[in-house]
Amino acid sequence: MAERTLCIIKPDAVKKNVQGSIIQKILDSGFKMKGMRMAQLSEREAGLFYEIHRERPFYKELVSFMTSGPVVVIALEKENAVADYRTLIGATDPAEAAEGTIRKLFASSKGENAVHGSDSVENGMNEVAFFFRESELA
Ligand code: ADP
Ligand code: MG
């Protein structure tokens with residue numbers, strides 16, 4: 001099976017109506033969309049998803065932001081999906097993101113940074129499974 005990674009189009013990007021442009025960039029970069037849906041994350045879900053950041057100073061702000069409006073969750077597949085998608089989205093802080101990356105183009109700040117991306121092959125698998133049953137993936 002090809003590598004998997006999870007994209008979340010975050011509430012800031014959905015509010016700006018740039019979901020379509022973000023999805024097009026992802027498709028143009030050779031990723032296969034295996035699953036996609038809109039979601040309104042609950043505090044419990046967002047808190048659990050970002051569990052590894054629980055002790056970080058920005059944790060509460062992050063959970064509050066991620067539950068502030070609808071998101072789009074997308075399961076992606078491709079060879080080398082995790083690293084290639086991280087390259088496509090750019091650095092966490094849009095001020096440090098490379099030209100042409102999704103965060104450079106669409107993010108507002110280090111917190112409100114348009115998209116999520118998995119950070120390891122193992123987390124890519126786990127994060128896709130967090131949002132999608134295997135039977136929901138095309
Ligand atoms: P990435 O999303 O690039 O993997 P991290 O895993 O370090 O970044 O952080 C998870 C998310 O938490 C970021 O995408 C961002 O939304 C938020 N975040 C990270 N650092 C900060 C910060 N210093 N202040 C506010 N929010 C932050
Ligand atoms: Mg991360």
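The values are calculated or read from the model by the stated rules, or taken from the named source; none is laboratory data. Small disclaimer: the values here were computed from a predicted structure and weren't measured. We place every Cβ from the backbone using ideal geometry, glycine too, and count neighbours over all the protein chains shown. Accessible surface is based on the protein model in full, side chains and every heavy atom, while ligands, DNA and RNA are left aside. Shrake-Rupley method; radii C 1.70, N 1.55, O 1.52, S 1.80 Å.
Considering every alpha-carbon pair of region 2-136, the percent of pairs per 5 Å bin, from zero through the bin containing the longest distance, is 2, 11, 21, 25, 24, 13, 3, 0.
Distant-in-sequence amide contacts of ASN80, defined by a placed amide H-H separation under 5 Å and a gap of 5 or more residues or a different chain, comprise GLU3.
Scalar couplings 3J(HN,Hα) for region 108-120, obtained by applying the Karplus form with A = 6.51, B = -1.76, C = 1.60 to θ = phi - 60°, are 9, 7, 4, x, 8, 10, 6, 9, 9, x, 5, 10, 7 Hz; x denotes Gly and Pro. Close amide H contacts of LYS34 (hydrogens built in the peptide plane, cut-off under 5 Å, sequence separation of 5 or more or a different chain): ALA75, LEU76, GLU77. Accessible surface comparison of ARG56, ARG86, probe 1.4 Å, protein chains only, largest first: the order is ARG56, ARG86.
For the chain, averaging the sequence separation of C-alpha pairs within contact (under 8 Å, six or more residues apart) and dividing by the residue count gives a relative contact order of 39 percent. Here region 2-136 exposes an accessible surface that is 50 percent carbon and sulfur, computed with a 1.4 Å probe and the other protein chains kept in place.
Mean-square fluctuations from a GNM of the chain, with a 10 angstrom spring cutoff on Cα atoms, peak among LYS16, LYS25, LYS78 at LYS16. Ranking of GLU77, GLU136 by solvent-accessible surface, largest first: GLU136, GLU77 (1.4 Å probe, protein heavy atoms only, all chains present). Sorting 96-103, 17-24 by their mean Cβ neighbour count within 10 Å, with the most densely packed peptide first, gives 96-103, 17-24. Counting only protein chain heavy atoms and rolling a 1.4 Å probe, the accessible areas of ASP119, ASP12 rank, largest first, as ASP119, ASP12.
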